[in-house]
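The values are calculated or read from the model by the stated rules, or taken from the named source; none is laboratory data. In this text the structure is predicted, and so the values were computed from the model without any measurement. When we count neighbours, we look across all protein chains shown, and the Cβ atoms used for this are built from the backbone with ideal geometry, even at glycine. Keep in mind that these areas ignore ligands, DNA and RNA; they rest on the heavy atoms of the full protein, side chains included. Shrake-Rupley method; radii C 1.70, N 1.55, O 1.52, S 1.80 Å.
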Amino acid sequence: MKVARIVAVLLTVVALWLASRLELSSDLTTLFPRTPAAEALARVTRAFGGGDVALVLVRGDDPASVERAAEAVAAELRACASVAGAITSAPAPVALDPTEAWRFAGPVARERLARAVTEDGMRARLRETRALLLAPGAADVSDAIARDPLRLAMIPWQGRIEVAAGVRGAAGDPGGAFVSADGRARLVVVEPRGRAFDAGEAARFTDEAEAALERVTERAEGVSLELTGGHVVARQTEALVRSDLVKSGALSAVLASVVFALTFRRVRALVAVLPPLAIGTLWTTALAALVFPRLSAVATGFAAVVIGVGVDTGVHVYGRLLRARREGLSPGAAAEVARRETWRPTLGAALAAGGAFGCLALSDVEGMRQLGVLCAAGEVLTALAILVVVPEVGAMLERGAPPGLPSVSFILALTRTRGRSAVALAAVALVLAVAVWLGPPRVEHGVAALDARTLPALATYDAIYATFGGARGQLVVVSADRDPARARARADAVAEAAERLAEQGTIAGFDALASLAPSPELQRARLAERDELDLPSRRGMLSRALVDEGFALEELAPALDAFAHPKGDPVDVLAPPDVALTWLRRRHLAEEGGETLAVTYVRVAPVPGADEATRAVLRAADPGAVITGFAELERGLSATLSRDLPRVLAGALGIVVLVLGASLRRPSRVLLAVAVLAVEIALVLVLSRLLSVRWHVYDALVLPVLLGITLDEVLFLLEAAERTSIDRAVTEQAPLGTATALTTAAGFGALVVCRFGGLVDVGKVGALGSTAGVLVAFVVIPAAYRLTKRGAAPSR
């Protein structure tokens with residue numbers, strides 16, 4: 001044992017250093033299944049560093065005050081070291097020759113341009129131009145009219161400039177401010193430096209930006225400022241995950257300690273069990289830091305589960321030590337007996353529970369794999385630490401008279417007679433029948449991610465969408481290619497198709513690179529289509545229309561010259577280092593895995609059949625593209641559950657049967673134990689229906705794990721029943737079994753304080769399973785023994 005103590009001390013010292021290096025992930029892609037759509041979305045999320053520019057929502061009752069505050073916010077943010085740029089309006093293109101309008105015109109806009117250069121089209125637009133010149137403020141547009149009296153350069157931009165999934169510039173015009181129709185809300189688009197998934201860079205930007213907004217708030221009255229974006233969401237997510245880890249772990253320790261102290265009626269007993277429990281949890285945390293670069297949101301539940309389930313070993317070891325003291329052994333001898341007689345069954349139970357948890361490594365969801373590996377390791381590590389420490393410390397604490405066993409007469413009364421046993425088993429059969437009649441619970445196939453209730457930044461996004469008409473439910477079309485030019489060209493084809501869909505009303509809108517920065521290849525094709533119209537031959541037609549509509553030709557010579565000599569050289573808009581457009585590149589272009597990702601965001605209209613029609617058209621535009629988004633993840637999670645659940649269930653059941661066979665050695669006892677576990681699962685399903693517990697992929701996958709977690713109550717009771725009467729076995733094991741079940745339930749139940757919904761639901765299912773397991777074990781096993789005449793049941 002001396003060597004074991006030295007090894008434990010060395011491991012603990014190393015674990016302290018490793019645990020301090022644990023990094024928590026704000027990347028929710030670890031909750032995605034391994035499907036092509038999910039992997040594509042994960043690539044987009046990683047490559048674009050959290051996916052988006054930052055946005056500041058400026059709101060107030062006075063439009064003028066809102067405008068001044070938006071400009072002040074942009075100025076303050078531009079002065080921040082962590083900000084590369086901030087704009088309050090859509091970037092306006094350079095003053096274009098009217099014949100260059102075709103560069104930025106999608107298919108619908110090109111049709112409008114073609115109509116605009118017919119004789120009827122020219123006259124109609126010139127009449128509109130004349131009305132515009134007679135309106136107040138006409139001096140501001142007179143120079144532009146001189147170059148382009150037909151206003152051809154305006155046609156490509158009408159209603160097409162979108163950022164952040166639906167937010168548009170005013171009236172969709174180039175250079176239009178991001179402002180709501182009533183002027184009481186504006187947006188500031190911010191380009192942060194660094195990547196959102198770098199915790200330091202996300203924190204630096206968020207802190208500096210929030211400080212800048214506070215300075216503006218102090219000067220601007222009647223205006224509210226709200227910050228959101230990838231960096232902000234990442235910062236808030238990491239804080240939430242860290243908070244969940246600390247709160248659930250602390251609550252689990254408190255609840256498990258209360259159960260332990262009440263079971264043995266000894267508060268000082270916690271001195272024996274808490275240090276090794278903390279050591280085992282520390283070792284597990286060090287393993288997490290060593291094996292996983294960043295810990296997933298759902299995997300942070302490992303600490304609470306390891307603490308709650310890990311106390312089980314302490315209960316059995318300390319319980320055996322106290323029983324040895326009651327039998328008259330000295331403290332030292334009692335410690336030796338406790339270790340010698342409990343190490344095999346407790347390690348067997350820990351290996352069974354750990355093996356069941358380890359089956360989660362078969363899942364296609366990375367976060368669940370992490371949770372399974374850490375809980376499996378934690379089960380075994382805490383058991384080892386407790387076996388090393390608890391007997392020694394317990395021997396020092398238990399030098400006086402040991403406490404008696406708690407009364408379990410109410411448990412014995414449930415099956416005291418054969419008649420009561422038959423009623424108990426009939427009730428069990430009824431539970432099974434109800435479970436079959438109700439059928440499996442409806443599993444929600446959505447990603448149990450974060451929402452506006454847990455992250456303020458997501459609430460700000462929702463406010464932006466409500467004000468400006470966007471939505472989070474968008475499709476992401478990923479065109480990936482090793483050739484950057486080809487990736488852009490494929491994304492351009494998707495944008496061309498999306499514009500047609502928008503015109504038809506099949507989609508509500510789209511956000512594409514081609515809207516503001518079409519590739520040179522696309523520009524060349526569009527200009528070729530323009531040249532087929534033969535604009536030089538239409539110069540005379542334009543001259544006659546200008547004269548007939550009352551315009552002075554000498555003032556419009558630039559426009560006539562442009563028709564005579566159309567410009568035709570493509571220009572790469574993204575080539576110059578224009579700060580106003582770097583956000584556009586960040587949103588739509590990235591490098592990942594040796595490929596260029598060109599991304600188009602599409603918002604499907606809420607009409608029947610729109611989703612399928614949209615996908616068909618977009619796939620035809622770029623057959624190699626992957627269409628993803630959270631709707632795709634829901635489909636993927638459904639398929640993942642159908643694959644994962646049988647694998648995890650088969651693995652957990654196989655481990656349980658092996659452990660039971662090795663421990664009990666009698667087929668009849670193994671079958672009885674399996675029956676108990678089956679009834680437990682049925683009871684969990686019934687109770688979850690009655691209590692309206694929400695089911696999704698994460699807690700559905702935890703259900704098979706309950707087979708291994710709740711095995712020790714069954715195993716210890718059956719082993720005790722084999723060496724003594726069933727009454728004595730229940731008297732001996734019921735307090736310990738109840739304690740282990742309640743500490744396990746405490747470990748899972750502590751997860752309900754988490755703000756991440758996936759962990760809350762996992763906690764509910766785990767707590768239900770632990771409680772149901774001990775209840776079923778101490779009813780079914782005694783009843784079965786009495787009815788088979790193996791127990792000492794009275795005849796009455």
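Quick grid of which residues meet (1) of a type in the set (F, W, Y); (2) crowded, with 24+ Cβ neighbours inside 10 Å:
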residue: A299; (1), (2): no, yes
residue: F302; (1), (2): yes, yes
residue: V315; (1), (2): no, yes
residue: Y318; (1), (2): yes, yes
residue: L321; (1), (2): no, yes
residue: W343; (1), (2): yes, no
residue: A353; (1), (2): no, yes
residue: V365; (1), (2): no, yes
residue: M368; (1), (2): no, yes
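Quick check: anything in region 120-140 outside any helix (DSSP H, G or I), open to solvent by 60 Å² or more (accessible area, probe 1.4 Å) and at pLDDT below 90?
Yes, region 120-140 has at least one match.
Among the residues of region 268-285, is there at least one that is assigned to a loop (DSSP other than H, G, I, E, B), among the charged types (D, E, K, R) and surrounded by fewer than 24 Cβ atoms within 10 Å (Cβ to Cβ)?
Narrowing region 268-285 to residues assigned to a loop (DSSP other than H, G, I, E, B): 268.
Filter once more, so that each one left must be among the charged types (D, E, K, R): 268.
Subsequent filtering for residues that are surrounded by fewer than 24 Cβ atoms within 10 Å (Cβ to Cβ) retains 268.
Yes, region 268-285 contains at least one residue that is assigned to a loop (DSSP other than H, G, I, E, B), among the charged types (D, E, K, R) and surrounded by fewer than 24 Cβ atoms within 10 Å (Cβ to Cβ).
Which residue out of L187, L150, L213 is modelled with pLDDT of 85 or more and under 22 Å from F510 (Cβ atoms)?
Every option except L187 fails the conditions.
Which residue pairs have Cβ atoms under 8 Å apart, sit 6 or more places apart or on different chains, and have a first residue in region 297-322 that is free of Cβ contacts under 8 Å to residues at least 24 places away in the same chain and in a helix (DSSP H, G or I) and a second that is hydrophobic (A, V, I, L, M, F, W, C) and open to solvent by 10 Å² or more (accessible area, probe 1.4 Å)?
So the pair list comes out as R320/V337.
Considering V388, V408, V434, which residue is modelled with pLDDT under 90 and surrounded by fewer than 17 Cβ atoms within 10 Å (Cβ to Cβ)? Break it down stepwise before answering.
Details: V388 fails: surrounded by fewer than 17 Cβ atoms within 10 Å (Cβ to Cβ); V408 fails: surrounded by fewer than 17 Cβ atoms within 10 Å (Cβ to Cβ).
Step by step, each of V388, V408, V434 is checked, and only V434 is modelled with pLDDT under 90 and surrounded by fewer than 17 Cβ atoms within 10 Å (Cβ to Cβ).
Considering only residues that are open to solvent by less than 30 Å² (accessible area, probe 1.4 Å) and without any contact (Cβ under 8 Å) to a residue 60 or more places away in the chain, which ones fall in region 186-215?
Listed by number, the residues that qualify are A203, T206.
May I ask you to list the residues in region 89-107 that are modelled with pLDDT of 85 or more and surrounded by 19 or more Cβ atoms within 10 Å (Cβ to Cβ)? Can you show your working first?
Keep residues of region 89-107 that are modelled with pLDDT of 85 or more, which gives 98-107.
Across region 89-107, the qualifying residues are P98, T99, E100, A101, W102, R103, F104, A105, G106.
Restricting attention to region 679-699, report how many residues are assigned to a helix (DSSP H, G or I) and either touching a helix residue (DSSP H, G or I) at 6+ places or on another chain (Cβ under 8 Å) or open to solvent by less than 10 Å² (accessible area, probe 1.4 Å) (or both).
Count: 14.
With respect to E554, determine if the residue is acidic (D, E), under 20 Å from D622 (Cβ atoms) and exposed (fewer than 15 other Cβ atoms within 10 Å of the Cβ). I'd like the intermediate steps shown before the answer.
Values: acidic (D, E): yes; under 20 Å from D622 (Cβ atoms): no; exposed (fewer than 15 other Cβ atoms within 10 Å of the Cβ): yes.
Against the criterion (acidic (D, E), under 20 Å from D622 (Cβ atoms) and exposed (fewer than 15 other Cβ atoms within 10 Å of the Cβ)), E554 does not qualify.
Which residue pairs have Cβ atoms under 9 Å apart, sit 6 or more places apart or on different chains, and have a first residue in region 243-268 that is within 21 Å of G319 (Cα to Cα) and a second that is open to solvent by 60 Å² or more (accessible area, probe 1.4 Å) and in a loop (DSSP other than H, G, I, E, B)?
Close Cβ pairs satisfying both conditions: S257/V267; A261/V267; A261/R268.
Within region 438-461, identify whether any single residue is modelled with pLDDT of 85 or more, touching a Lys or Arg at 6+ places or on another chain (Cβ under 8 Å) and either crowded, with 16+ Cβ neighbours inside 10 Å or not small (G, A, S) (or both), and answer yes or no.
no
With the requirement that a residue be among the hydrophobic types (A, V, I, L, M, F, W, C), within 14 Å of the chain's Cα centre (by Cα) and surrounded by fewer than 23 Cβ atoms within 10 Å (Cβ to Cβ), what does region 218-238 give you?
Hits for region 218-238: nothing passes.
Of V388, V408, V423, which residue is under 30 Å from G249 (Cβ atoms) and among the β-branched types (V, I, T)?
V388
Cβ-Cβ under 8 Å, sequence separation 6+ or interchain: first residue in region 443-470 and closer than 20 Å to V765 by Cβ, partner assigned to a strand (DSSP E or B) and at pLDDT 75 or above. Which pairs?
V443/W695; E444/W695
Being buried (at least 23 other Cβ atoms within 10 Å of the Cβ) and of a type in the set (V, I, T) is the filter here, so list the residues in region 500-514 that pass it.
The answer is I507, and nothing else.
Hey, does region 515-537 have a residue that's of a type outside the set (S, T, N, Q), in contact with a Leu (Cβ under 7 Å, 6 or more places away or on another chain) and either part of a helix (DSSP H, G or I) or open to solvent by 40 Å² or more (accessible area, probe 1.4 Å) (or both)?
No, region 515-537 has no match at all.
If you take the residues of region 334-371 that are of a type in the set (D, E, K, R) and under 20 Å from P293 (Cβ atoms), which of them is modelled with the highest pLDDT? Let's see the steps before the verdict.
Restricting attention to region 334-371, the residues satisfying the condition of being of a type in the set (D, E, K, R) are 336, 339-341, 344, 364, 366, 369.
After this cut, where a residue has to be under 20 Å from P293 (Cβ atoms) as well, the list is 364, 366, 369.
Working: D364: 80, E366: 81, R369: 86.
Step by step, filter region 334-371, then rank; the result is R369.
Residue check: is R242 surrounded by 20 or more Cβ atoms within 10 Å (Cβ to Cβ) and part of a helix (DSSP H, G or I)?
Working: surrounded by 20 or more Cβ atoms within 10 Å (Cβ to Cβ): no; part of a helix (DSSP H, G or I): yes.
No; evaluated as a whole, the condition is false for this residue.
Would you mention how many residues in region 606-628 are buried (at least 16 other Cβ atoms within 10 Å of the Cβ) and either over 25 Å from the mean Cα position of the chain (by Cα) or free of Cβ contacts under 8 Å to residues at least 12 places away in the same chain (or both)?
From region 606-628, those buried (at least 16 other Cβ atoms within 10 Å of the Cβ) are 610-611, 613-615, 617-619, 621-622, 625-628; that's our starting set.
Checking which are either over 25 Å from the mean Cα position of the chain (by Cα) or free of Cβ contacts under 8 Å to residues at least 12 places away in the same chain (or both) leaves us with 610, 613-614, 617-619, 621-622.
Result for region 606-628: 8.
Can you tell me which residue among A72, A86 is of a type in the set (A, V, I, L, M), at pLDDT 85 or above and in a helix (DSSP H, G or I)?
A72 is the lone residue from the list that is of a type in the set (A, V, I, L, M), at pLDDT 85 or above and in a helix (DSSP H, G or I).
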